[in-house]
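Trainee: The structure follows.
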Amino acid sequence: MASRLVLAAAAALALITAALSPVSQTAAHAAALGPLVWSDDFNGAAGSAPDSSKWGHDTGGGGWGNNELEYYTTSTSNAALDGNGHLVITARKENPAGYSCWYGSCQYTSARLLTSGKFTQQYGHVEARIKLPRGQGLWPAFWMLGDNIGSVGWPTSGEMDIMENIGREPGINHGSMHGPGYSGGNPLTGTYTLPGGAAFADDFHTFAIDWDPSGVSFSVDGNVYERHTPADTNGNPWVFDHPFFILLNVAVGGNWPGSPDSSTSFPQQMVVDYVHVYAQGSGSTGTTGQITGYGGKCVDVKAAATADGTQIQIYTCNGTGAQSWTVNGNGTLSALGKCLDVSGGGTADGTKVQLWTCNGTGAQQWQYSNHQLINPQSGKCLDATGVSSADGTPLQIWTCTGGANQQWNLPG
């Protein structure tokens, strides 16, 4: 998606869009969270500045690489607590201090907060509950930058945009990752669209990433809508295995959102209820047992073989190790020391699933929603081939139908 540091581009390059139904985070995922390691619930007196032990300010009106129109200030008129447990970042159409911007006298002020030099995190669960501003030309964001940006520069530092929204798309969140060879207009990216035509300015929503050495999953309100792994960079460096810091800001104008127009009212506010950061969990919920499905049969590793490529099938439940699956907090399902895998990383209906050495790719990611096991990379469901419950029926991925041959019960 559009970077905060370079020319933004359209979201047409999204790898996963709202055309794929978002999938719910599992209870297993929540159980796998590590301890809370940093948080700000923005408790304080109305009008007070954000906690300076946690947040600093970027300031200036140089355009921030995107020809943005705002001047970022340290004023509490642009970033302050509201006395009700919220941080409010306010974009205003004003220039009370005579600020100069790249285009002349500044027309807008806003704020950009960051934890650089105060807090960084490598891996874990990072989330914020936010109500967004609305209007053409507004560009709110909740994002992270590699803390080595001062020494290696951008995009080698890495960037993860957990929430980006532009005013002309009131119900769309853009999540993206930038690194060398996949930055600016060509990031790893995806979008989530609120159902029913709702806008992110109508209510609070929770934006999050789950980040571990195998990759990064993006979610809105617990719905995981995209995941990226080192295999997605097409041979370019994966630059997300080091500490990052957090940023919150509201930009005005720029190459991607365009300028405000006569329909845009000011001031506009981004209201942040909290920011929470959890350490990486154990990677496993410890929940192990049978996965049962169509005809009461169990998901089974054929002949209990452990070779890569071994067929996964349904078979009469028998309590053997070939039917003992562990639900892992990193989104994988494992048996006999290997992972449930979509053959060749395929996305087509009928692609078989198999046992394969665990590698953290999208082919091994599964999300559980309404008793369906969904592979987010393909948007397809785990399916008993031919709507058959006969012993030995191979499993595949198929367009989700809600049919009985796509219904599964996880252990625990």
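The values are calculated or read from the model by the stated rules, or taken from the named source; none is laboratory data. Bear in mind that the values here come from a model prediction, so they are computed numbers and not experimental data. A quick note on method: Cβ atoms are made from the backbone with ideal geometry, for glycine too, and the neighbour counts reach across all protein chains shown.
Trainee: Quick check on residue 116: is it touching a strand residue (DSSP E or B) at 6+ places or on another chain (Cβ under 6 Å), within 24 Å of residue 148 (Cβ to Cβ) and among the small types (Gly, Ala, Ser)?
Mentor: The answer is yes for residue 116.
Trainee: Name the residues in the range 387-405 that are closer than 18 Å to residue 354 by Cβ and polar (S, T, N, Q), would you?
Mentor: Across the range 387-405, the qualifying residues are 393, 396.
Trainee: Separate question: Return the residues of the range 60-103 that are more than 24 Å from residue 47 (Cα to Cα) and among the acidic types (Asp, Glu); say none if nothing qualifies.
Mentor: Scanning the range 60-103 gives a single hit, 68.
Trainee: Let me ask you something else. Only one of 299, 250 is in the same structural domain as residue 355 (by TED's automatic domain parsing) and of a type outside the set (Ser, Thr, Tyr); which? Quick ask: steps written out before the conclusion?
Mentor: Working: 250 fails: in the same structural domain as residue 355 (by TED's automatic domain parsing).
Selected residue: 299, the only one of 299, 250 that is in the same structural domain as residue 355 (by TED's automatic domain parsing) and of a type outside the set (Ser, Thr, Tyr).
Trainee: Considering every residue within the range 320-330, establish whether at least one is in contact (Cβ under 8 Å) with a residue 60 or more places away in the chain and in contact with an Asp or Glu (Cβ under 7 Å, 6 or more places away or on another chain).
Mentor: Yes.
Trainee: OK, next. Need pairs with beta-carbon distance below 8 Å; first residue free of Cβ contacts under 8 Å to residues at least 12 places away in the same chain and within the range 58-81, second surrounded by fewer than 24 Cβ atoms within 10 Å (Cβ to Cβ) and in a loop (DSSP other than H, G, I, E, B); sequence gap 6+ or separate chains.
Mentor: Within 8 Å, no pair qualifies.
Trainee: Checking residue 317 against (1) buried (at least 23 other Cβ atoms within 10 Å of the Cβ); (2) closer than 22 Å to residue 405 by Cα, only one condition comes out false. Which one?
Mentor: Unmet condition: (1).
Trainee: Still on this model: Scan the range 193-214 and tell me whether some residue there is within 13 Å of the chain's Cα centre (by Cα) and charged (D, E, K, R).
Mentor: Checking the range 193-214: at least one residue is within 13 Å of the chain's Cα centre (by Cα) and charged (D, E, K, R).
Trainee: Would you check which residues across the range 82-109 are crowded, with 16+ Cβ neighbours inside 10 Å and either aromatic (Phe, Trp, Tyr) or under 27 Å from the mean Cα position of the chain (by Cα) (or both) and list them?
Mentor: The answer is 86, 87, 88, 89, 90, 91, 99, 108.
Trainee: Let me ask something additional. So how many residues does the range 351-374 have that are in contact with an Asp or Glu (Cβ under 6 Å, 6 or more places away or on another chain) and assigned to a strand (DSSP E or B)?
Mentor: So the answer is 2.
Trainee: Being among the aromatic types (Phe, Trp, Tyr), in contact (Cβ under 8 Å) with a residue 12 or more places away in the chain, outside the structural domain of residue 359 (by TED's automatic domain parsing) and out of contact with any Gly (no Cβ under 9 Å at 6 or more places or on another chain): is that true of residue 218 here?
Mentor: Spelling it out, it is not the case that residue 218 is among the aromatic types (Phe, Trp, Tyr), in contact (Cβ under 8 Å) with a residue 12 or more places away in the chain, outside the structural domain of residue 359 (by TED's automatic domain parsing) and out of contact with any Gly (no Cβ under 9 Å at 6 or more places or on another chain).
Trainee: Just the residues that are more than 24 Å from the chain's Cα centre (by Cα), of a type in the set (Gly, Ala, Ser) and outside any strand (DSSP E or B), please, taken from the range 375-409.
Mentor: 386, 388, 389, 390, 392, 402, 403, 404
Trainee: Right, residue 347: modelled with pLDDT of 90 or more, surrounded by fewer than 18 Cβ atoms within 10 Å (Cβ to Cβ) and touching an Asp or Glu at 6+ places or on another chain (Cβ under 8 Å) or not? Give the derivation first.
Mentor: Working: modelled with pLDDT of 90 or more: yes; surrounded by fewer than 18 Cβ atoms within 10 Å (Cβ to Cβ): yes; touching an Asp or Glu at 6+ places or on another chain (Cβ under 8 Å): no.
Taking the combined requirement at face value, the residue does not satisfy it.
A quick yes/no check of all residues on (1) modelled with pLDDT of 95 or more; (2) in the same structural domain as residue 295 (by TED's automatic domain parsing); (3) within 29 Å of residue 213 (Cα to Cα); (4) touching a strand residue (DSSP E or B) at 6+ places or on another chain (Cβ under 6 Å):
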residue	(1), (2), (3), (4)
314	yes, yes, no, yes
325	no, yes, yes, yes
360	no, yes, yes, yes
401	no, yes, no, no
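Trainee: Do we find a residue being at pLDDT 95 or above, assigned to a loop (DSSP other than H, G, I, E, B), in contact with a strand residue (DSSP E or B) (Cβ under 9 Å, 6 or more places away or on another chain) and aliphatic (A, V, I, L, M) anywhere in the range 231-254?
Mentor: Yes, there is a match, as at least one residue in the range 231-254 is at pLDDT 95 or above, assigned to a loop (DSSP other than H, G, I, E, B), in contact with a strand residue (DSSP E or B) (Cβ under 9 Å, 6 or more places away or on another chain) and aliphatic (A, V, I, L, M).
Trainee: Just to be sure, is residue 234 surrounded by fewer than 21 Cβ atoms within 10 Å (Cβ to Cβ), of a type in the set (S, T, N, Q), in the same structural domain as residue 112 (by TED's automatic domain parsing) and more than 14 Å from the chain's Cα centre (by Cα)?
Mentor: yes
Trainee: Filtering the range 150-180 down to residues that are in a strand (DSSP E or B), under 20 Å from residue 138 (Cα atoms) and hydrophobic (A, V, I, L, M, F, W, C), which residue is nearest to the chain's Cα centre (by Cα)?
Mentor: Taking the candidates together, the pick is 162.
Trainee: Is there a residue being assigned to a loop (DSSP other than H, G, I, E, B) and surrounded by 23 or more Cβ atoms within 10 Å (Cβ to Cβ) anywhere in the range 264-279?
Mentor: Step one: of the range 264-279, the residues assigned to a loop (DSSP other than H, G, I, E, B) are 264-267, 279.
Those left that are additionally surrounded by 23 or more Cβ atoms within 10 Å (Cβ to Cβ): none.
Within the range 264-279, none of the residues are assigned to a loop (DSSP other than H, G, I, E, B) and surrounded by 23 or more Cβ atoms within 10 Å (Cβ to Cβ).
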